[in-house]
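Read the structure below first, then the notes.
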C-alpha cells in the first residue's frame, strides 16, 4: 500500500496537484487504482516474465535517477557541507538508533512476506543463479542506501539553513 500511495503522491506533485484533502485525495486514489489495475493486467497476461521485465526497466530508471540526483546535489554550490556540518548531521543519537532499529525491523518484515521476492526465489534457475543474484544485489542495495543516507544529511543541512 505504501508503494501505491508514493506513486500516486509523486504523480500528483508532477502535475501540480496537492496531495492533501478533498478532491485531490480522490485524484491520488484514482491514480493508485489505475496502477493496481495495470499491474494486475500485465502480470495476468505475462506472468513472472512480464514482472521481471518491468523490474529491469525500473532498475534502469532508478539508476538514472540516482545518477541525476548525485550530479544535481554535487554541482549545487549551496549543498557544500563542511566537515563540522557533516559531523553534526551524522551524530549518533538515541533517536537515530531507534529510527534505525524500527527501519530494519520494518524492512525485514516487509521483505520476508513480499511475495514477489519469494516468487523470484522459487523461479530461480538453480541455487548458483540464486546466490549470484543475491551477491550482486547486496552491494547495490547497500551502496544505494548509503547514498540516500548522505543525500538525507545534505537535505537536513539545507532545511536548517532556510
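Since every read-out is calculated from the coordinates, none of them should be taken as a lab result. Being a predicted model, the structure only gives us computed values, none of them experimental.
Against the main long axis of the alpha-carbon atoms of the chain, helix 127-160 sits at an angle near 30°.
When the helices of the chain are scored as -39500 (n - 2.57) per DSSP H run of n ≥ 4 and the total is divided over every residue, the value at 222 nm lands at -29000 deg cm²/dmol. Mind pulling the angle between the C-alpha long axis of helix 22-74 and the longest principal axis of the chain? Nearest 10 degrees, somewhere in 0 to 90. The angle comes out near 40 degrees. Structural descriptor for the chain: relative contact order 20 percent, calculated from alpha carbon pairs under 8 angstrom and at least 6 residues apart. Between the helical axis of 2-14 and the longest alpha-carbon principal axis of the chain there is an angle of about 60 degrees. Checking the a/c ratio against 1.5 first, then a/b against b/c, what shape does the Cα gyration tensor give for the chain? Cα axes put the chain in the oblate bin.
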